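The next block holds one structure in the form of structure tokens; read it before the comments.
The values are calculated or read from the model by the stated rules, or taken from the named source; none is laboratory data. Just so it is clear, the model here is predicted, and its values are computed rather than measured. Note that we place each Cβ from the backbone using ideal geometry, even for glycine, and neighbour counts take in every protein chain shown. For accessibility, only protein heavy atoms count, side chains too; no ligands or nucleic acids. Shrake-Rupley method; radii C 1.70, N 1.55, O 1.52, S 1.80 Å.
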Amino acid sequence: MKKFYPLFAVLLVLSFGLAACGGGGEGEGDGTLLGEVKARGYLIVSTDPNYEPISYLDPDAERAAGTICPEDLLTYGEMVGFDVDVAKAVADELGLEVCFATPDWDLVTAGSWGDRWDISIGSMTPTLTRAEVVTFSTPYVYTPAHFAATADSGFTSLADLEGQTICLAAATTYLDWMNGTLTITEDAIFADPPGDFTIVELPTDQECAQAIAAGREEFSVYLTSETVIDSNIAGGLDVVKVGGAVFSENLSPATDKSSSFDIDTFVAEISSIVDGLHADGTLSALSIKYFEIDMTQDPTK
């Protein structure tokens with residue numbers, strides 16, 4: 001399993017994904033997003049192609065045989081990972097094929113998608129700011145946010161990170177937490193950020209790990225999901241976790257409030273499906289498959 005893809009390959013996929021985001025299909029819906037996707041026959045999901053093990057591109061995969069996904073969208077198998085399998089499970093419950101678009105994260109969190117994709121199943125944490133432009137369905141997994149540092153840094157606690165340069169992805173809850181602007185419930189925040197820090201922003205947090213792997217010396221610390229750090233370590237990156245979890249990410253599907261279609265029935269149906277995937281053990285099984293532990297239970301309850 002390949003762990004760190006060259007940046008040029010990732011940029012190629014991102015460019016491909018942005019071109020891919022045009023929806024549409026042969027059928028005619030009823031003016032609702034739910035009716036539109038069912039008439040079309042496939043669900044367009046936005047996700048990240050460089051976020052292993054959550055979602056990533058398999059460069060050796062072939063396009064799914066018999067797919068009805070448009071040529072400018074990726075198929076299941078070309079995209080792999082936990083979020084990808086969750087998206088497929090949701091599409092299966094809707095009786096649809098799943099197709100993937102890979103726009104930049106800041107475009108997803110900004111809303112106003114222009115109907116280029118139907119839903120984000122891309123590890124988005126609900127915040128009050130994001131809720132102004134997207135509507136969230138039931139959370140499907142809960143992941144802890146954690147610091148990692150190079151093993152030779154000697155950092156072991158959050159106090160050690162005072163005055164350090166820290167790599168973060170743009171438009172993420174990690175950046176919001178560091179800046180004191182994270183708008184989630186207080187019981188889901190477990191620590192305060194270190195003081196006197198300097199931030200280096202990259203397009204995705206996985207690129208922070210990849211930059212360290214490539215020998216970049218500007219920073220030795222990054223903040224991301226603990227699941228990503230575990231994958232980095234398993235892939236041979238010489239980093240260690242620093243301190244404990246700093247907040248919990250209640251990852252949820254999101255739908256654009258400015259969609260041209262009425263989204264209410266769609267959002268309700270997605271929540272109902274996620275509830276069912278919790279109840280029948282599908283989400284627990286996927287969590288254990290990818291993370292070796294069940295992360296589908298709310299840690300604040």
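Descriptive notes on the structure:
- In region 284-301, the residues that are of a type in the set (A, V, I, L, M) and closer than 9 Å to Y142 by Cα: M295
- Residue count for region 164-179, restricted to those that are in a loop (DSSP other than H, G, I, E, B) and either modelled with pLDDT under 95 or open to solvent by less than 40 Å² (accessible area, probe 1.4 Å) (or both): 3
- Filtered by the rule that a residue be in contact with a Ser or Thr (Cβ under 7 Å, 6 or more places away or on another chain) and either among the acidic types (D, E) or more than 19 Å from F219 (Cα to Cα) (or both), region 141-170 gives V141, Y142, T143, P144.
- Test: residue in region 197-204 that is acidic (D, E) and modelled with pLDDT under 95: no
- Number of positions in region 73-91 that are within 23 Å of V134 (Cβ to Cβ) and of a type in the set (D, E): 2
- Taking the criterion of being open to solvent by 20 Å² or more (accessible area, probe 1.4 Å) and part of a loop (DSSP other than H, G, I, E, B), the residues of region 194-224 that qualify are G195, D196, F197, P203, A214, G215, R216, E217, E218, S220.
- Looking across region 268-293 at every residue that is among the charged types (D, E, K, R) and exposed (fewer than 15 other Cβ atoms within 10 Å of the Cβ), the one that is farthest from D256 (Cα to Cα) is identified as E292.
- Subset tally (residues that are within 20 Å of the chain's Cα centre (by Cα) and among the charged types (D, E, K, R)) for region 38-67: 3
- Taken together, the criteria place A234 among residues that are within 30 Å of L158 (Cα to Cα) and surrounded by fewer than 22 Cβ atoms within 10 Å (Cβ to Cβ).
- Across region 146-157, a minimum of one residue is classified as under 16 Å from the mean Cα position of the chain (by Cα), of a type outside the set (D, E, K, R) and on the phi < 0 side of the Ramachandran plot.
- On inspection, S259 does not qualify as part of a helix (DSSP H, G or I) and open to solvent by 20 Å² or more (accessible area, probe 1.4 Å).
- Of everything in region 238-256 that is of a type outside the set (S, T, N, Q) and open to solvent by 20 Å² or more (accessible area, probe 1.4 Å), the residue that is nearest to T32 (Cα to Cα) is A245.
- Put simply, of D187, D160 the only residue that is open to solvent by 40 Å² or more (accessible area, probe 1.4 Å), part of a helix (DSSP H, G or I) and closer than 28 Å to D275 by Cβ is D187.
- T265 meets the conditions (1) touching a helix residue (DSSP H, G or I) at 6+ places or on another chain (Cβ under 6 Å); (2) open to solvent by 10 Å² or more (accessible area, probe 1.4 Å); (3) at pLDDT below 95 in every case but one. The failed one is (3).
- Tallying residues that are within 17 Å of S252 (Cβ to Cβ) and outside any helix (DSSP H, G or I) within region 287-301 yields 7.
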